[in-house]
1. Would a scan of the range 135-150 turn up a residue that is more than 20 Å from Ala28 (Cα to Cα), modelled with pLDDT of 95 or more and among the basic types (Lys, Arg)?
2. I need the full set of residues from the range 69-128 which are assigned to a loop (DSSP other than H, G, I, E, B) and polar (S, T, N, Q), in order please.
3. For Arg179, indicate whether it is outside any loop (DSSP other than H, G, I, E, B), in contact with a strand residue (DSSP E or B) (Cβ under 8 Å, 6 or more places away or on another chain) and at pLDDT 95 or above.
4. Output the number of residues of the range 110-141 satisfying the condition of being small (Gly, Ala, Ser) and within 15 Å of Val98 (Cβ to Cβ).
5. How many residues does the range 151-175 hold that are more than 23 Å from Asp118 (Cα to Cα) and modelled with pLDDT of 95 or more?
6. Taking the options Arg134, Arg158, name whichever one is free of Cβ contacts under 8 Å to residues at least 24 places away in the same chain and either surrounded by 14 or more Cβ atoms within 10 Å (Cβ to Cβ) or not in a strand (DSSP E or B) (or both).
7. Give the residues of the range 22-37 that are surrounded by 14 or more Cβ atoms within 10 Å (Cβ to Cβ), charged (D, E, K, R) and not in a strand (DSSP E or B), sorted by residue number.
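The values are calculated or read from the model by the stated rules, or taken from the named source; none is laboratory data. The model shown is predicted, which means the values in this text are computed figures rather than measured ones. Positions of Cβ are generated from backbone atoms using ideal geometry, with glycine treated the same way; all protein chains shown enter the neighbour counts.
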Amino acid sequence: MSAPPLLSRLTRRGRLMAKRRCDRRAHAFTLGRFLFRTPTAWEYAAAVAGGSDPAAQRWLGWLPGSVVAEPMRGEALRVVPGTGPEWTTPDPHSVDVVALDLVAGRCAGLVSVHAGEDGGPETGGYLAPAYRGRGLGRELFAAGLALAHEHLGLTSVRAGAEIGNVASGRSLEAAGLRRVAGPPRYTLPDGRTCEAWWYRHDVPWPDRCGGPPAKWLG
């Protein structure tokens, strides 16, 4: 006899909530107060909603079709971690993990390792509104470094911040990245060109886990 539908859903959710290790379908690791994991479709929707407010878009500059408007933004931010179907990234040049606050039962943000404008690996991310201004950017970008060096096997990864985005720059430095020279400008998805600060982090002996590889790296 098969399990009742509700019990089956709760069981699947329990496995997702308990997942702490990488496998061939997903990355998963804990850092600080968050579980960082390859998202479900609903978790990814919550993460996108978390970066869709005007304050975040001042720096992220997504295409209009990618920005979640109210009231859907508020609804998506209430997604409970561990729910939703499996999700497949539409971007083969990015490996994304969401930051899950399992105590509060909310998606707190997203961090990625992706191909930059010159094809080299970069990390970047953002926090949902309720998690900003609390010193958690350090954990977010430290997770980006862990994803790059301990899961994707990268010896070096860089990050950019728009000149004037002091909070992002401080968080990157707190996570261990150092200021380096780089292209003076970069282009946001919506076409806006910005002056940039650049940061980099290197390790001599990276590792690669059993999770999904960064396909563009070969």
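1. So far as the range 135-150 goes, no, none of its residues is more than 20 Å from Ala28 (Cα to Cα), modelled with pLDDT of 95 or more and among the basic types (Lys, Arg).
2. Result: Thr83, Thr88, Thr89.
3. yes
4. So the first thing to find is which residues in the range 110-141 are small (Gly, Ala, Ser), and the list is 112, 115-116, 119-120, 124-125, 128, 130, 133, 135, 137.
Next cut, within 15 Å of Val98 (Cβ to Cβ) only: 112, 124-125, 128, 130.
Going through the range 110-141 one residue at a time, the tally reaches 5.
5. 4
6. Values: Arg158 fails: free of Cβ contacts under 8 Å to residues at least 24 places away in the same chain.
So the residue among Arg134, Arg158 that is free of Cβ contacts under 8 Å to residues at least 24 places away in the same chain and either surrounded by 14 or more Cβ atoms within 10 Å (Cβ to Cβ) or not in a strand (DSSP E or B) (or both) is Arg134.
7. The answer is Arg33, and nothing else.
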